[in-house]
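Worksheet: one structure, shown below.
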Amino acid sequence: MTQPIFMVGARGCGKTTVGGELARALGYAFVDTDIFMQQRSGLTVADVVAAEGWPGFRQRESETLKAVTQPNQIVATGGGMVLLAQNRQFMREKGIVIYLHAPAQALAKRLEASPQAHQRPTLTGRPIAEEMEAVLAEREALYQGVAHYVVDATQAPDTIVSELVQTLRLPAA
Ligand code: ADP
Ligand code: MG
């Protein structure tokens, strides 16, 4: 029995990509809370926000976090998962929390390169680089505070995965 691993960080930092690769490397199951919620409800993030507002989305997200958490599980969280104190406390207590850290410019570049895959209701209405600056200014301390480990997410995914496998000292699959 091994603790679940939670991937946190801003949109575009690689939670889904690196989380999936880490799960393969460790032989863990993988779940993405954004995708899980969408599949369960049949609603996109935009649908939920339009119908219930951000508080409604955050409530669903919090319930999803608890529902998917189990041993030998990698959980890629939504970028805003850390906003609720109860989610931060839950992740720190139940598992190992990894913050994929990258500067706003790097995040913006990635999101611009795959805009279709990353459509969300805009948080600020500003250009993407400015938006990511604002998001990090608001959340950086929360990501740092919840994390047991902070990794440089500008490295290649397989480099990040090797680093994590070594740091966590978990047997590779
Ligand atoms: P998140 O789930 O944190 O929003 P994704 O895993 O969806 O981020 O990645 C966002 C985009 O950035 C994708 O196009 C993905 O291929 C790319 N990406 C993710 N991690 C890296 C990385 N370490 N190096 C280069 N590109 C990456
Ligand atoms: Mg993702």
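The values are calculated or read from the model by the stated rules, or taken from the named source; none is laboratory data. This structure is a prediction, so every number in the text was calculated from the model and none was measured. Positions of Cβ are backbone-derived with ideal geometry, glycine not excepted, and every protein chain shown enters the neighbour counts.
Which residues, counting only those in segment 82-101, are surrounded by 17 or more Cβ atoms within 10 Å (Cβ to Cβ) and in a helix (DSSP H, G or I)? Val82, Asn87, Arg88, Phe90, Met91, Lys94, listed by residue number. Filtered by the rule that a residue be away from ligand 2 (no atom under 16 Å from the Cβ), charged (D, E, K, R) and either closer than 20 Å to Pro4 by Cβ or touching a residue at least 12 places away in the same chain (Cβ under 8 Å) (or both), segment 132-164 gives Glu133, Asp152, Asp158, Glu163.
Arg58 meets each of the listed conditions (1) touching a Gly at 6+ places or on another chain (Cβ under 8 Å); (2) at pLDDT 95 or above; (3) within 20 Å of Val18 (Cα to Cα) apart from (3).
Hey, among the residues in segment 1-25 that are more than 7 Å from ligand 1 (Cβ to nearest atom) and surrounded by fewer than 21 Cβ atoms within 10 Å (Cβ to Cβ), which one's farthest from Ala134 (Cα to Cα)? Ranking the qualifying residues of segment 1-25, first place goes to Met1. Condition (residue is under 14 Å from Glu131 (Cα atoms) and aliphatic (A, V, I, L, M)) applied to segment 108-115: is it met by at least one residue? Yes, there is a match, as at least one residue in segment 108-115 is under 14 Å from Glu131 (Cα atoms) and aliphatic (A, V, I, L, M). Considering Leu43, Leu26, the condition of being out of contact with any Lys or Arg (no Cβ under 8 Å at 6 or more places or on another chain), hydrophobic (A, V, I, L, M, F, W, C) and without any contact (Cβ under 8 Å) to a residue 12 or more places away in the chain is satisfied by Leu43 alone. In segment 6-32, of all residues being part of a strand (DSSP E or B) and more than 11 Å from the chain's Cα centre (by Cα), the one that is nearest to Ile160 (Cα to Cα) corresponds to Phe30.
Being β-branched (Val, Ile, Thr) and farther than 22 Å from Ala113 by Cα is a condition met by at least one residue of segment 24-42. The residues in segment 113-169 that are under 23 Å from Ala23 (Cα atoms), surrounded by 15 or more Cβ atoms within 10 Å (Cβ to Cβ) and at pLDDT below 95 can be counted, and the count is 1.
Residues checked against (1) more than 16 Å from ligand 2 (Cβ to nearest atom); (2) modelled with pLDDT under 95:
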position	(1), (2)
Lys15	no, no
Ala23	no, no
Phe30	no, no
Asp34	no, yes
Gln38	no, yes
Thr44	no, yes
Ala51	yes, no
Ser62	yes, no
Ile74	no, no
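Annotation: Arg88 fulfils all but one of (1) more than 13 Å from the chain's Cα centre (by Cα); (2) among the charged types (D, E, K, R); (3) at pLDDT 95 or above; the unmet one is (1).
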